[in-house]
Each structure stands twice: as structure tokens, then as C-alpha cells.
1. What distance in nm separates the simple spin-label points at ASP128 and THR66, each placed 7 Å from Cα in the Cβ direction?
2. Taking only C-alpha pairs under 8 Å that are 6+ residues apart, what is the relative contact order of the chain in percent?
3. Just flag the trypsin sites (Lys or Arg not before Pro) in the stretch 347-406 sitting in loop per DSSP whose Cβ has no more than 14 other Cβ atoms within 10 Å.
4. Dimensions of the stretch 314-397 along principal axes (Cα, Å, largest first)?
5. Using every pair of alpha-carbon atoms in the stretch 536-654, split the distances into 10 Å bins beginning at 0 and state the percent of pairs per bin, rounded to integers.
6. With a Förster radius of 56 Å, plug the Cβ-Cβ distance of THR389 and LYS522 into 1/(1 + (r/R0)^6) and report the FRET value to the nearest 0.05.
7. Return the long-range amide H neighbours of LEU129 (sequence gap of 5 or more, or a different chain), with a cut-off of under 5 Å between placed amide H atoms.
8. Based on the Kirkwood radius over alpha-carbon pairs, what is the Stokes-Einstein translational diffusion coefficient of the stretch 60-104 at 25 °C with 0.890 mPa s viscosity, in µm²/s?
Amino acid sequence: MNQESKRLSLTLLFVSVALLGLILSSCGGSTSANGSSTGSNVQALMSARDLTEADVTAALKTYTPTGAKDDYMIFASGGHGGNVIVIGVPSMRIHKYIAVFGPEPWQGYGYGDQTSGLLASGNLEGEDLGWGDVHHPALSETAGDYDGEYLFVNDKANARIAVIDLKDFATKQIVQSGLIESDHGGCFVTPNTEYIIEGSQYPAPLNGEYAPISEYKTKYRGAVIFWKFDREKGRIDKSSSFAIELPPYMQDLADAGKLATDGWMFLNSFNTEMAIGGNLDGEPPLESGASQNDMDYMSVINWRKAAQVAADPANTTMNSGLPLISIETAVANDLLFEVPEPKSPHGCDVTPDGKEIVVAGKLDTHATVYNWAKMKALIDAKDFTGNDTYGIPILDFQKSIRGQVEIGLGPLHTQFDGDGNAYTSVFIETVVAKWSLKDLKVIEKLPVHYNIGHLMAAEGDTVSPDGKYVVAMNKWALDRFQDVGPLLPQNFQLVDISGENMQLLYDMPLPLGEPHYAQMIKSDKLHPERSYPVGTDPLMDRIDPFAVANGDERIERKADGVHVYMTAIRSHFKPDTISVKKGDTVHLHLTNVETAHDATHGFCIGSYNINVSLEPGEHSNMTFVADRAGVFPMYCTEFCSALHLEMAGYFLVEG
Ligand code: RUQ
Ligand code: CUA
């Protein structure tokens, strides 16, 4: 710790001790007639808990008293947990899990007709997918800045994209193209959320077709999909989306250009060797085959022009319902270029001014800073060093970069503050490296614990980063917390970057799948609603045709089964007794007719797998066959009132 921050932390400590003294003496605390004995109380606490001044300073910076709210909110990928975690900063308190790609009982997600239909809409070729591998959340942007309206996440395993509405923090749509088999270069949004970018990862024959691995170079392909976002509807519009074919390299992370690079995007790739493994047959394993070359390629794509090209059907072929621009057409229209990048690159991050792109190579010790003015000049002059195997023009590496920063072993991802600094996660060395964009010099390294993958700074990938905080997203919190068995939690470490030196503030175990990326948004940009208009189907964003009004409850036997029109209000369901015959198809239409913010009811029927959550005003439909006779209690699963336990009834199935 340098002198400056030592002084600062001492001052903070002094102020806190003085404040505590004031509070205690005004309460007439018997043990603290004066400040000095309070001071010794704090001293005693510190020594009892073995805390240093730095610890106490960190505590003062993160402690959030009861009732106080967080300045920032993190949306973190839940990895192969298939969900999103919402975390407050600086407290690091978890506020919500947003269910996305798999069922989640608390939110009733995947149980009622609406959300199970939503999950089913993301199924592939009849395969029931109960999970996803969430990698990179992207908040919607206006003019390159988070606008707090929507969140998009990708599912790497099944090549899907989900749309989450931040009006109610709920998943609204899952799309899968059928074109590619996995994705990684997503989600990234263009500066006004015109498109949500989804780049493939592991090449495969397009459209789910078969070709032997021996035909890898000729039949396997990558692709990048530009999903058109209809902000008015809050949904992706597949009919206005398009894709560009890419070589069978393994495309990795991407970023959309902004300001100076608006209209362009950048997409890393590794395994430009096109290794295919085959270790059982004596071939080198995939990872060594894929690490032969010193250089791989970053694809440079003019998406704005590509959108114009794709609008003319003569330029595309329909693939899985998407107009696809072939590599040939992309090259002929100056849409696609490659620039070499060292070695097995991972992160690809555009600077806040949009003028440069920072690429970090997993097997390289540098972060490489590409300069757009230089690259654009090469592109305009058609000054290429040649073409790759697929005819894509290649820019000269040296002529494309401003320089390289000697970062350390295993640099991965880079984010920015508002003062011209960059922060790169360094996996093998297990540090956060702070460096200056101005002179490309490392300023400071902060050891983190450990296996850091991604990191994120407050609004750190927008046109106006806030600085203040960085969160290191570490994998496997080995020896960090109490042991909880062989499977380790992850560890999010909150770092204060507002001072001259980075200060580690807080360790947070996160018991979910490997988190990849997260974004941190200023809390006051979020404006969630507190209830729905009564009878709302949140998925369709409208009053459900089966919505039930107070006083309109009834049971009707129709040709397609028994329709039960129910309401929930503290503290009963109406009707509270439902009698059907074995074999009946049952349609439960249940509206929570309350609108107070704290009036959620749950509804379940034991052993019939019926479980929904009815937020205030929400309507849910549940369809099932009463295929077992018996008497089944049904009840509310949220403690909604003093008579919550009495909010119950019976579902009777006569055999
Ligand atoms: S990627 S660290 Cu999707 Cu970096 Cu995981
Ligand atoms: Cu409604 Cu408990």
C-alpha cells in the first residue's frame, strides 16, 4: 500500500471510529463514555477477529446497512447452470436468479403452459433440452451505452440465444437457428441493439447435416448470425435476421465496433490449423494440433454493409430459414477480412472510443492493440498480404497494430475505466493487470484467487465506463471458503479501482456453473415494474384470453376437458375444491387478482408436478391429464399472509 492510500484508509478508519463513538455516546452506551474507549472497542474487535486496517477499510467500502441499496447491479452468466445471477455492488448480495434455459421451480419456470412452451420452443430436433451453457450476457445499448431495457444471453452448448426483459427480469424468448451446432461469439449487441451477434464456436456441417470428419476442411463451417432485434416488440425477429458463412476455424469471442468502428465487428478464431484430433488413432490430441501456429486470425466484418447485401435474395441462400451470405459473396462485397493475431486468442474487446481492439492470446504473454485507422487504411487501399485457404483477404499484422503490452502468462479478457486504463485478466499468472492505453505500459498487477477467467468493470465495455469497481470472476475457489465437498464454488472478487492502487474488497462464493462473463450496470438505469395488470401473461405481454376476473370463477366441462377458472387472493383460491374424473384433461386457468408488490402466490398440486408462481396480476394456464385417482392437496407455496397455511384446497380425482 502506498502512502496516499494508507493515509486514506487511516482517515476512513478514524472517521468510522469517531462516528461509532458518536452513535454509542448518543445512545448512552455505558461502555463508551468517550471516543477513545470506543476506539479501543474497535481495536479490540479488530484484534479479536484478526483484522488489519485494510480489512476494516474494505468492510467500510462494502458494508451496506439494512435498507440501503446497491449502486450497481451485475448480470452474471450462470454457466452450465443455464441461468443468470443478479448481484448488487458493492454489497455482493445476490438479488435474483433469472431462469433461462432450464426449469426453475421457485419462479415456476418450465411448469405452467406458458413457460414450459417457452422452454420447448428452444428444443432442437425433438430433443428435450433441460439446460444450457450460458456464457456472455449482453445488456441492450443505445448509442453504445447500457439502456437497462433488455438482456441477451447465449447457450454455447446448443447454439441458442435468449431474450430477457428487464421490466420483470424474466426470459421472454429462446431462439435457435438450426444453422450452427455451438456458439461462443455471443451475445454481443451492436451500438443501438439493431442486431444481437451470435458467432459459432466448433465448426460442423451447417444446418445439422452429416459429413465425416475427414471432410472437415471442405464440409465443416463456422458462421456468424445477426439476429434482428425488434425493440418495439421486445423480441428477436428471425425473418429479418441473416448470417455469414465462415471458415472451419474455431471462432471465439467477438465484439461489436462502436463510434469509430460503428458498423463493424471483430471475431477471434483459434485452431486456424484446422486440427481435428484423432488421438485414439495416434494423431495429436486436438489441443496440441490446434496450437501449432504462432498466429491465428481475427475476422473483421462489415455488418452494416452485410445487412444491405443480405437484403437482396440474389446474394444469399436460405439455410435453416436464414439468408446466408457465403464466404465467396462476403469477399466479393468487401464484407470479410482476416488479420493475424497471436497465438490461440481469446478476448476481443473494443476500446471505449471505438478506435482500437484489444486481443489477448491464451498462449501469448501480450495484449495486442489493433488500430482501426491503420486497418481501415489497409482495407481501403486493398493492401493485403494474401488470402487464407478460403480466399479471405489478410491484412498485415505489423501494419494493423499500434503495439503490444507485455501482460503476463495467459491474458484473457480486457475491460476499461473512464481514465484511459485497461484491466486484463491473466489466467496462468492469476492476476488482474492494469495498464495504460496511452503508452501501453503495465501500471499494476493485483493477485487474485485464483484461475481468473473473465473480469468486468462498471459499465466497462461501453462508450463511457464508470471506473470504480472491477470484479474478478475466478473459477474453482480452492482452499478459499469452508469445504463443501468435492465440487467447488466459483469466487467473485470485488476490487476497488477508484484509488491509485487496486484494492481487493470482498470474496463471494458463487455456487453455480462456471460463470463466463458479466456486465455491471448503474442501478438507476433499471426501472422494473412492480406488478402486472391483472390477468397478464408475461410471456405474451398481454391479458391472457383465459384470464379470470374476481367473481368470474367457475368450472366448465367442455369437449376438450374440464376448464377451471380460478383466482388467487389472500388467503384463498377460488374454487378451492376441484373434482374431476380419472382420465379427464384438466385446464387450470389461474389469475392472481392482487396487484400489491408483495402479493405473490404460488400454486401447487402435490404429485401432479404442478407448480407455478403467480406474481401480482399474473395469469397462468396449466394443462394436464388427471391420470391417477386420489385426493391431492393443493396449496400456496409463498408465505403470503398470516393465513397462508390455510390458502389450500383439494384436487379430487375419482377413479
Ligand atoms: S469465455 S472464461 Cu465464454 Cu472467457 Cu469463459
Ligand atoms: Cu398465497 Cu400463501
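The values are calculated or read from the model by the stated rules, or taken from the named source; none is laboratory data. Predicted model, so just to flag it, every value in this text is computed and none were measured. All Cβ positions, glycine included, derive from the backbone under ideal geometry; neighbour counts span all protein chains shown. SASA here: full protein model, heavy atoms, side chains in, ligands and nucleic acids out. Shrake-Rupley method; radii C 1.70, N 1.55, O 1.52, S 1.80 Å.
1. Spacing of the two 7 Å Cα→Cβ label points: 4.5 nm.
2. Numbers: 1741 pairs, mean separation 64.0, N = 655.
Result for the chain is 10 percent.
3. Values: sites: LYS355, LYS362, LYS374, LYS376, LYS382, LYS399, ARG402; in loops: LYS355, LYS362, LYS382.
Answer in residue order: LYS382.
4. Extents along the principal axes, in whole Å: 43, 31, 29.
5. With 10 Å bins starting at 0, P(r) equals 14, 49, 31, 5, 0.
6. On the way: r = 46 Å, r/R0 = 0.82.
FRET efficiency, THR389 to LYS522: 0.75.
7. LEU124
8. Result for D is 215 µm²/s.
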